[in-house]
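Read through the structure below, which is laid out as structure tokens, and then see the notes.
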Amino acid sequence: MQQVSNFDALTGGQFNTLAQIGTNCKGKHSQKMPIIVKGEGTDKSNSRAILRRAKSKVITQKVILSLIEVAKERNELNRVKAYWNTYHCQNRIFEADDKLFGNYCKNRFCTICAGIRKAEIINKYWPIISEWKEPYFLTLTAKSVPANKLKSRMQRMLLSLKKILNRNKKRYMRGKGIKFEGIRSLECNFNPVQRWYNPHFHIIVSTKEAAELILKEWLIQCTPKFALIDGQKIRKVEDKVHDLIEVVKYGSKIFTDPTMKKRAKRTVAPYIYVSAFHNIIWAMSGHRIFERFGFNLPPRTKETKMTLAIEYEQLKFAPELFDWVNEETAELLSGYQPTGELLSILRDNINFDLQ
């Protein structure tokens, strides 16, 4: 496999991430056309990563088919299209030089892409957060709302936090305040018992003083009608890695305990509330789920590695086998087999009730 410097010369001015796939002829002596692959690829020897990806693919396809039903029922055809795009994410992958390549949908509701994005953010921000001497973790919430008020509630929360950060930035620039340095994410849970939604922020800031001031101004900005002090949490970060992962989690949980008990007290298998998940996905659309404030990241190149692969294998995901299959040898890639519990949840515990 060789790196390509002049793609126009090789592709005749046509460029595609996985370009010009095909064969000259069929049969034993068929010769594959070269393809162009993007990125560094996934090391085929990383069996744990490949198993995780297979599990994510199995969950994603089942959930996405259910979300498609919800969107069709509501006649939301543009969302049906977005869901199908995610359904096909990583359906076909290519193996070259013991690495795996494929196209990603990059949608937030794709567990494969969300997992990759999560790892990228952690790797990007860990060098900075690891240097903070005494960071604090904040959870900022507002009162729960029904589905028809979810988007407006998120918009108000985002605006309120933005005002707090901007106001403090101006104070700091005038020499009358402290500097806020932190990261924040927007998350939303669904309560199937009360049938309400709870959007909230997870925030890590570099100092206790900043955390206390943000919390104080949040309660003033929001007023008791909008947010209660009992719903907010503040604590010192004891494990930076754990709390960074907590902030970078997905925007919404896929699996939810229908009794809303903590995992240790769970007596029934979790459910997937697809109508509620659909509502959360589209309430978050157009908003940044993750954001930094008060500091800049080191500059990095945006150039993506492109490589011409001449010898490669093509694999296609087979839902009935829970794995990718080599189209020439019929060999399975990961050997993943879902547990009986997971299969049962995906078969029996998907809830379509309008929420």
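The values are calculated or read from the model by the stated rules, or taken from the named source; none is laboratory data. What you see is a predicted model; the values in this text were computed from it and never measured. Here the Cβ is made from the backbone with ideal geometry for all residues, glycine too, and neighbour counts use every protein chain on show. The accessibility values were calculated without ligands, DNA or RNA, using every heavy atom of the protein model including side chains. Shrake-Rupley method; radii C 1.70, N 1.55, O 1.52, S 1.80 Å.
Can you give me the relative contact order of the chain as a percent, contacts being Cα pairs under 8 Å and 6 or more apart?
On the way: 546 pairs, mean separation 86.3, N = 355.
It comes to 24 percent, rounded to a whole number.
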Checklist line | Lys/Arg +1, Asp/Glu -1 at C-beta; the chain dipole; positive extreme among L333, C89, W132 | finding: W132
Check: Say we join alpha carbon atoms closer than 10 Å with springs in a Gaussian network model of the chain; which of K225, K38, K162 then has the biggest fluctuation?
Finding: K225
Note to self: Can you tell me which of V248, V63, V145 moves the most in a GNM of the chain? Springs connect C-alpha atoms under 10 Å apart.
What the structure shows: V145
Next item on the list: Report, to the nearest whole %, how much of the accessible area of the chain belongs to carbon and sulfur atoms, 1.4 Å probe, protein only.
Entry: 50 percent
Item checked: ³J(HN,Hα) computed for each position of the stretch 87-104 - Karplus, 6.51 cos²θ - 1.76 cosθ + 1.60, integer Hz, glycine/proline x -> 4, 8, 4, 6, 4, 10, 10, 10, 10, 9, 6, 6, 10, 10, 10, x, 8, 10
Item checked: Using alpha-carbon coordinates, inclination of helix 274-284 to the longest axis of the chain, degrees -> 70 degrees
Next item on the list: For F295, enumerate residues with amide H under 5 Å from its amide H, sequence gap 5+ or separate chain, H modeled in the peptide plane.
Entry: G182
Check: Just Y197, Y172, Y87 to compare: in a GNM of the chain, with alpha carbon springs under 10 Å, which one fluctuates most?
Finding: Y172
Checklist line | Value of relative contact order over the stretch 34-120, rounded to a whole percent, pairs C-alpha under 8 Å and six or more apart | finding: 34 percent
Item checked: Karplus-derived 3J(HN,Hα), 6.51/-1.76/1.60, for each residue of the stretch 219-226, Hz, glycine and proline x -> 5, 6, 4, 7, 6, x, 5, 9
Next item on the list: For K62, tell me the accessible area in Å² from a 1.4 Å probe, rounded to the nearest 10.
Entry: 80 Å²
Notebook entry, point to check: Probe 1.4 Å, all protein chains in place: accessible area of W84 in Å², nearest 10?
Noted result: 90 Å²
Next item on the list: Quickly estimate the mean residue ellipticity at 222 nm for the chain, helices only: each DSSP H run with n ≥ 4 gives -39500 (n - 2.57), and the total goes over all residues, rounded to 500.
Entry: -12000 deg cm²/dmol
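Relative to the Cα centre, what is the charge dipole magnitude of the chain, using +1 at the beta carbon of each Lys and Arg, -1 at the beta carbon of each Asp and Glu, and rounding to the nearest 20 debye? Could you put the intermediate results ahead of the total?
Working: 60 positive and 35 negative charges, 404 e Å.
Charge dipole of the chain: 1940 debye, to the nearest 20.
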Next item on the list: Give the accessible area for F255 in Å² (nearest 10); use a 1.4 Å probe, count only protein heavy atoms, and leave out ligands, DNA and RNA.
Entry: 70 Å²
Item checked: Backbone HN-Hα couplings from phi across the stretch 151-160 [Karplus 6.51/-1.76/1.60, Hz, Gly and Pro as x] -> 4, 5, 5, 4, 4, 5, 4, 5, 5, 4
Next item on the list: In whole angstrom, note down how far apart the Cα centers of the stretch 50-104 and the stretch 124-143 are.
Entry: 32 Å
Checklist line | About the Cα centre, charge dipole magnitude for the stretch 199-287 (Lys/Arg +1, Asp/Glu -1 at Cβ), debye | finding: 380 debye
